[in-house]
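Worksheet: the structure to be examined is printed underneath.
Every number in this text was worked out from the coordinates using simple rules, so none of it is lab data. The model shown is predicted, which means the values in this text are computed figures rather than measured ones. As a convention, Cβ positions derive from the backbone with ideal geometry for all residues, glycine included, and neighbour counts pool all protein chains shown.
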């Protein structure tokens, strides 16, 4: 086990965590401000990837395709919000769960009809090589780009939320919705904006991760649950919590998967290690979530109260 | 019976209750008055246990209950009614009260025997209903009751747990004169059995019912004593009563 | 009550009719529907009556299914050992998951139950010894003895029907009992329930565990029925499917879970096995996209008929 390997896996974890943050940020705001469970958030991530794959093929340029996919996915998100999701804000959580679950089914099948079960979004040639960060540490350039994009978007979000008027309204809404309403904030437009922004973030994550993972129907659901874990750990309505939670989850998951089996191999017999190691590694983040919840049922940085 | 020592609660940037020390004697009706936002409901919530205190000690019947969970306090005989009506809206009046009686009498980890077979539960519920004046409305769904009747049920739920001390948070809130008179009469009726800590804005009710009065302003207790003394107190007049109340 | 008995008489007679016309496939299919009815009924307790939106119920069905399967795979074929083991395992899982999850409320609770169920899925998926992601095939169904051969479809049907009957009757009695009252009261107004002296958390946990235990029984029966179990039983989409059944059939109504299971599985069967000519003309692959129809129907129900089929039925009778 070398330091190079640890650094490498840490970078992988950071990269994954930052992308998770993009999903979690949008989701936590929707929960916090609109008090709505949106299971279809993962579907927007999937649509971002599929739309990007088509646009990249159409324009012949990775950058153009990804950049165009962002407003396109945001548009789909806004369409969804205005047509279906708006009616759910006033409904109880169970109805929201079932309705958005239904939306997942519908969107998955429509995607399958339009694109088939998967699509391809290959890594851009220019970025497919490794970069030498430190002597001996060669890291894929593309993953570095993802980290850079993630940090950039996080900074942008931070500035947006803390320094602009819209951002202030969003934070007010997240910590006390009734108060925001009472202060005469145009709630409808605010909600639509927040939702569109969340969809845009999903698109970025979906498009950027597409060359690394497969673009296929159902990819949204798997990452959605991780986003949930992030939000539970970070605290609903808190972007800072989403960032901390996402990076934590990304690193714990990646490092856990990489090193836990090895660790087990040192301490336990091979038979036990090979069975228990991967099993525990795959549930590390859930154990993390359980531990956090036990001490802080509201998460690490709850926006309310 | 109830002792508060330096009970405090702070929210972000706001001190809601500030080192409140007061005593409620057994058998009395003790009124807690003060302007809106003075911290009265916060204090009640701290006493009932739904809001944990930052500092201070709460003793009930000789026991330290500062860290006891709300349901444990109820089991010890400390009940509460809410300022904003909080009843079981979709249950009937009878079922509302029967539930409170059920909560008091033994465990509800009973899975087979139908509640309907427990005649004593419902008899007791009926008698509480009689006390609060809702005998004619036993089979009405709580949500269909008039405001005053709902407030009566609100108090009834607290009384049905047979408490030693009951915290009444603005029981007369939103009531017309007739309903208010009925509520005042109700509190008068039960005072022989239950100690009462009454939070109220209705000064008529306060001065008619209270043995002693405590005044809370900006989270601090500024006066506590017999009604005449409070009425005459300069500080209290300035802060709250104004010159409306004749000496 | 009379309606329920009438339904059961029909259900009792069903396999005899099927045997007479020599169509045992439907008896087996009916058994599967009944097993899901039991699972959905257990979710109805927690979700419909208890108001706890648990999105991880499939984990308990799965715990039961895997426990029962592991027993049989290891040679313990007696249902008298395997099925109680399944119930115990799922009750334990429900107790552990409930103890942590019920410390939270609202949106948190839903997400946490979902996350824990997915955790169970990954755990089971990595159990290479018992099939991992390929699942575990069983050599036989569990054995009841008593001269009853569970390998016989008709016998199996009556056994699961028996369990459905006691599940429904049990639910009926529980909801009339002190416990049932408390559970509903907590759903209606949790703060006030605590304010009248009820230790809310304990009752919610008990409700959760009971539901988990019954779900475990359903899981054990499911494993025996198909002689096969795989991690998909625990997947959160399965939890969602169970929730669909409950809302379809009617949340908080006694037969809600059963009706929902019947309607959903029946529809699924009809769509995949009976070609609809006009639909086939428009979209030749339509059975592969059946989920689109399910999704649209579900969305319609949530938006327009929130009380499910049972709700519609009782409204039409002017109840």
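Between the alpha-carbon centres of segment A:108-140 and segment B:42-62 there is a gap of 58 Å.
How are the Cα pair distances of segment B:4-55 distributed, in percent, across 10 Å bins from 0? Calculated P(r), rounded to whole percents: 23, 57, 18, 2.
Could you grab the relative contact order for segment C:119-189? Cα pairs under 8 Å, six or more apart, rounded to a whole percent.
Values: 20 pairs, mean separation 7.3, N = 71.
It comes to 10 percent, rounded to a whole number.
For segment A:103-249, the Kirkwood hydrodynamic radius comes to 17.9 Å, computed from all pairs of different C-alpha atoms. The long axis of helix A:141-163 is offset from the longest Cα principal axis of chain A by roughly 30 degrees. What nm distance separates the two modelled labels at residue A:128 and residue B:189, each placed 7 Å from Cα along Cα→Cβ? Distance between the two pseudo-spin positions: 8.7 nm. The ratio of the alpha-carbon radius of gyration of segment B:191-238 to the globular-protein estimate 2.2 N^0.38 Å is 1.16.
Cut-off is 10 Å between beta-carbons; in what order do A:202, C:71 appear when sorted fewest neighbours first? Kindly include the intermediate steps, with their values, before the conclusion.
Values: A:202 32, C:71 22.
Lowest count first: C:71, A:202.
For segment A:1-43, the fraction of C-alpha pairs farther apart than 16 angstrom is 51 percent.
Relative to the longest principal axis of the Cα atoms of chain A, the long axis of helix A:93-115 lies at roughly 70 degrees.
What residues of segment C:238-255 lie in the reach of a label at residue B:116, counting those whose backbone N is under 18 Å from a point 7 Å from the Cα along Cα→Cβ? Only C:253-255 fall inside the zone, counting backbone N under 18 Å. Exposure proxy check: B:131, C:134, B:154 ranked by fewest other beta carbons within 10 Å? Arranged by neighbour count, lowest to highest, B:131, C:134, B:154 become C:134, B:131, B:154.
Work out, in µm²/s and without decimals, the Stokes-Einstein translational diffusion coefficient of segment C:25-235 at 20 °C, 1.002 mPa s, Rh from Kirkwood over C-alpha pairs.
Working: Rh = 17.4 Å.
Reported coefficient: 123 µm²/s.
Could you give P(r) for segment A:22-295, binned at 10 Å from zero, as whole percent values over all Cα-Cα pairs? The calculated distribution, bin by bin, is 7, 26, 33, 24, 9, 2, 0.
Length gained on full extension, residue C:10 to residue C:152, computed as 0.36 nm times the residue gap minus the Cα-Cα distance: 49.1 nm. Taking the Cα-to-Cβ direction at residue C:232 and at residue B:146 and moving 7 Å from each Cα, how far apart do the two end points lie in nm? Result: 6.3 nm between the two label points.
Over all distinct Cα-Cα pairs of segment C:163-202, the Kirkwood formula returns a hydrodynamic radius of 10.9 Å.
Return the Rg/Rh value of segment A:54-135, two decimal places, where both radii are evaluated on C-alpha atoms and Rh is the Kirkwood radius.
Numbers: Rg = 18.3 Å, Rh = 15.9 Å.
Using only Cα positions, Rg/Rh for segment A:54-135 is 1.15.
If you wrap the Cα atoms of segment C:133-224 in a convex hull and average its projected area over all directions, you get 8.7 nm². Compared with the dominant Cα axis of chain B, that is its longest principal axis, helix B:147-159 is turned about 80°.
Both numbers refer to the Cα atoms of segment C:62-123; Rg and Dmax are 14.0, 44 Å. Shown here is the pair-distance distribution of the protein assembly as shown: with all Cα-Cα distances grouped in 20 Å bins from zero up to the longest one, the shares run 13, 40, 34, 12, 1 percent.
Computed as a quarter of the hull surface, the mean projected area of the alpha carbon convex hull for segment A:227-299 stands at 4.8 nm².
What is the order of A:37, A:106, C:5, C:276, fewest Cβ neighbours within 10 Å to most?
On the way: A:37 28, A:106 21, C:5 9, C:276 12.
With the sparsest Cβ surroundings first, the list reads C:5, C:276, A:106, A:37.
Remark: relative contact order (segment C:25-235) = 46 percent; criterion is Cα-Cα distance under 8 angstrom and separation of 6 or more residues. Spin-label model, residue B:229 to residue A:2: label points 7 Å out along the Cα-to-beta-carbon direction sit 8.4 nm apart. In segment A:115-170, the alpha-carbon atoms span a convex hull of 150 Å³ per residue. With N counted as the residues of segment A:181-285, its alpha-carbon radius of gyration over 2.2 N^0.38 Å works out to 1.46.
Given R0 = 45 Å, the distance between the Cβ atoms of residue A:67 and residue B:86 translates into a calculated FRET efficiency of 0.30.
From the helices alone, meaning DSSP H stretches of at least four residues, give me the mean residue ellipticity at 222 nm for the protein assembly as shown, per-run term -39500 (n - 2.57), in deg cm²/dmol to the nearest 500. Present the calculation step by step, with values, prior to reporting the outcome.
On the way: 33 runs with 539 residues, N = 871.
The helix contribution divided over the protein assembly as shown gives -20500 deg cm²/dmol.
Per-residue mean of foreign Cβ neighbours for C:242-249 is 2 (Cβ atoms of other chains, 10 Å radius). Segment C:224-260 and segment C:164-211 have Cα centres lying 21 Å from one another.
Computed over segment A:22-295, relative contact order equals 32 percent, with contacts defined as Cα pairs under 8 Å that lie 6+ residues apart. If you wrap the Cα atoms of chain B in a convex hull and average its projected area over all directions, you get 13.8 nm².
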